[in-house]
Structure formats: structure tokens, C-alpha cells
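The structure appears right after this line, and notes come after that.
The values are calculated or read from the model by the stated rules, or taken from the named source; none is laboratory data. None of the values given here were measured: they were computed from a predicted structure. Quick reminder, even Gly has a Cβ in these numbers, built from the backbone with ideal geometry, and neighbours come from all protein chains shown. Ligands, DNA and RNA are stripped out before the accessible areas are found, and what is left, the full protein with its side chains, is counted by its heavy atoms. Shrake-Rupley method; radii C 1.70, N 1.55, O 1.52, S 1.80 Å.
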Amino acid sequence: MKLAREQQNTALLILYATTVKSTLTLSLKETSVRRMKNTYQDHIKVQAASGSTSKIVEELPNKKVGRPLLTGEEIDLQVQRYLSDLRSRGCIVNTHIAIAVGEGILSNKDPGCLAVNGGGIQLTKDWAKYLFRRMGLVKRKATTKAKVNVEHFEEIKKSFHQDIRNIVIMDDIPKELIINLDQTGLNYVPVAQWTMEVEGAKRVQVDGKDDKRQITAVFACSMAGEFLLPQLVYQGKTSRCLPRFNFPSGWSITFSENHWCNEETMKVYITNVILPFLCRTRQRLDLPADHPALLLFDNLKGQCTEMLLKMLDAENINVVLIPANCTDRLQPLDLCVNKAAKDFLRNEFQKWYASQVCSQLDGKAEIEPIDLRLSVIKPLGAKWLVNLYDYLKSKPSIIISGFKEAGITDCVNKCV
């Protein structure tokens, strides 16, 4: 009897659906009607359990579609609230901050769920970007810098390689004495690329993109894959601007008013790092103390002064300048090492930020903005840079790949 009544109700619903389809040109399947009926009955049961005798249902709840949220709804909302609060205070918000906040909250609630602890959750940039889209955020590039279109690039590249080849052949320079040098700016805190504005906003402010708290790092490496001790140039007028941190012996730590390299800082680096390295390498290869070497670097004002070029020449160091506007294709350090270095430092910052978020949640319901003052972040950055040096020293393949990508390896191999 009950089964017959169920069939009758379903038939009536199908008849109703057929009428709706003919009237509103809607396409309804029998399975959809059955699901509507079951949802309606469940809703009536809920009303009855709450003491209501009404059987009037004006609308049915929509069923959630798509995959469940990776972190779950509760943590996802907590991450969104924290990022919104950061943005309202004018703080930096980007994918790295979002990932760090998510990992920090998860570490406090359920550390075993994270992939680093053997769990199944790994927060990535794609996760952060999806989070931003759901928050209605719009991505804006924080720079207008674009690649310069160089005319006759192949001819310039060929001439650059020919200059290297001629010097290597003429002076019989081994790859261990071919040094690439470059300067790169490093941010204490990853700058913002996302802004909390609704999509379609005509005027969008990208908070954090003008964060000038940087240092300049001078990197050098040999074609054989050895990473030399770096130079760090901090911003300031006296040594008081340097971090309270004990750097390893041999590191070149200095400062300038705008943290840019100049003739004096480059002279210090060549004297304290480049020349001692060449001396040790010549001894190891059983070469004369004045055996020629080759130095490749950009045509920057601070390192192409008459004094520095004469100094290099006196030490029997040949110089080949990387063509202007071609560093993104012919500068080995720019091709592989600089990006790897910045990615490493971002990850170090991200792990530290996540740990701060996690520790704040102990006994608290809300998170305060993490303290990013220079007095806090500068010594931390120094520690991360030491870790970076150890990392790159252990990865000669990264350095070697830069010379290969610039075409220098093939160029030198033809000299053998």
C-alpha cells in the first residue's frame, strides 16, 4: 500500500514536471524530480522535528557543487578573515602570505594533515590563487618592467660568444677560472602582487609593491659549478645599519646609502672574495700564480669604472661585458641562480611566517598581524641568506645549467 502511494506521488510529480517543461521550456529528468521529492520530504521531517506543523515549503536548499575545500570550510573562512584584516590594515597580502597563514592555522589545528608531516594537504600557489578568486581579489602586476626587444640579438649573441672563445683560446683559461658575477636586489618580505578589490575596479591600489626594504646581493660562480662567497650591501650610512648577526668567516658585508653597489663596494668584493678564490683555484690546478682568468659581468656603472678595470687587468683577469638589455638571455646567474635564490628565500620567509601564525593561535581565537619591522626581519634574513649559500654550494647543477642556457658552455667546449 505504501509502495503504491510512493509511486503515485512520483507520478504526480513527473506529471507536474512535464507541465512545467511545456510551459517554461525547462528540461527536467525523472531523477531530478525524485531528488526534489526526497529533498522536500527531508525538509518536512526537519520542520516536524522542530515542532512545526506547517507543510508549506517555499524553496528548497541548493546542493553544493564542486569539490570540497582543501582545508575545510572552517579553516578556509579563518584564512579569509585574517587576510581581509591584513589588507584593511594596509599590510602585504600575496600568495606566499596566504600559504603561510593557511599552513600556520593547519599546524595549530591539525599538524598531521600537512604533507610535510606525512599528511595529504599541501598548500600551493594554485590553492592561494583559487582562494583569492573566491574572495573577489584581482591580480595586478606590481611592476611595469618589460623585456626590451633587442634588434639583431642573434648577431649580438654570436659576437659575445666569439669574444669569450677568443680569450679562452688565447690565454688557455680553464672553466674553473671563468667567473660570472651579478648583482640582484633581495626583499626582506615578498612584495604584494594581489589587491583586495572587486573584479572590474577601474582604479586598483597594490599595497606593498613600493616596499623598498631591500638589500643588494652580489653573487659570483665559476663555470665549473662552484658558488663563491657573496657580498651583501645593506642600506645605511654607518655600520649600525648591519644586522645583529654573526656571518661566517669570509663573507663580504658592507653598506651604502641606497644599498646599491658602487666602485668602493665592488673593490672590496674583488679584493676579499674574487682574488682569494682565483689564488686558491690556481694552486689547486697547479697553475702559475698569474695564470689568466676571465670575468663576465654586466655593464653597470659601479663595476665598470676605470679604477676597477685597471685593478682587474693588473691581476691578469680578462673582462667580457654582457651585452646591454640581454642579461635575461646571456647572464648565467640571471638565468638560473637568481631565481632559485629568491624562491629559496621566499620559502624560508613562508615557513617562518607560518610558525608565527601557529604560535599565536595557542590559547587565542584571533591572529594579530605578524611583526615585520626591520629590527625583527633583518637578522632573520641574514640567517636565511647563510642557509641559501649552503644550499647553492650543494647544488652545482643549478650554476652549470645557467652557463649552458646562456650558450657559454658550448662556446667554450669548442675551444678544447
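Things to note:
- Criterion applied to Ala382, Ala354, Ala340 was being under 20 Å from the mean Cα position of the chain (by Cα) and surrounded by fewer than 20 Cβ atoms within 10 Å (Cβ to Cβ), and the one residue passing it is Ala340.
- Residue in region 88-109 that is nearest to Lys125 (Cα to Cα), counting only those that are open to solvent by 20 Å² or more (accessible area, probe 1.4 Å) and either out of contact with any helix residue (DSSP H, G or I) (no Cβ under 9 Å at 6 or more places or on another chain) or in a helix (DSSP H, G or I) (or both): His96
- The condition of being small (Gly, Ala, Ser) and open to solvent by 80 Å² or more (accessible area, probe 1.4 Å) holds for only one of Ala324, Ala293, Ala289, that being Ala289.
- Condition met for Phe245 (among the aromatic types (Phe, Trp, Tyr) and buried (at least 17 other Cβ atoms within 10 Å of the Cβ)): no
- Checking every residue in region 389-401 against the condition of being at pLDDT 85 or above and within 19 Å of Leu242 (Cβ to Cβ) gives at least one match.
- In region 274-290, the residues that are in contact (Cβ under 8 Å) with a residue 24 or more places away in the chain reach residues that are open to solvent by less than 50 Å² (accessible area, probe 1.4 Å) with C-beta atoms within less than 6 angstrom, at least six apart or across chains, in these pairs: Phe277/Leu228; Leu278/Ala293; Thr281/Glu176; Arg282/His291.
- Restricting attention to region 110-131, the residues that are surrounded by 21 or more Cβ atoms within 10 Å (Cβ to Cβ), in a helix (DSSP H, G or I) and not small (Gly, Ala, Ser) total 1.
- Ala354 vs. criteria over 29 Å from Asp290 (Cβ atoms) and among the small types (Gly, Ala, Ser): yes
- Any hit, region 357-366, residues being farther than 30 Å from Cys91 by Cα and either touching a strand residue (DSSP E or B) at 6+ places or on another chain (Cβ under 6 Å) or free of Cβ contacts under 8 Å to residues at least 40 places away in the same chain (or both): no
- Test: residue in region 370-379 that is open to solvent by 20 Å² or more (accessible area, probe 1.4 Å), part of a loop (DSSP other than H, G, I, E, B), touching a residue at least 24 places away in the same chain (Cβ under 8 Å) and over 30 Å from Pro174 (Cβ atoms): yes
- For the criterion of being touching a Cys at 6+ places or on another chain (Cβ under 9 Å), open to solvent by less than 40 Å² (accessible area, probe 1.4 Å) and modelled with pLDDT of 90 or more, Leu330 fails.
- For region 299-314, the criterion of being open to solvent by less than 60 Å² (accessible area, probe 1.4 Å), among the polar types (S, T, N, Q) and modelled with pLDDT of 90 or more is satisfied by no residue at all.
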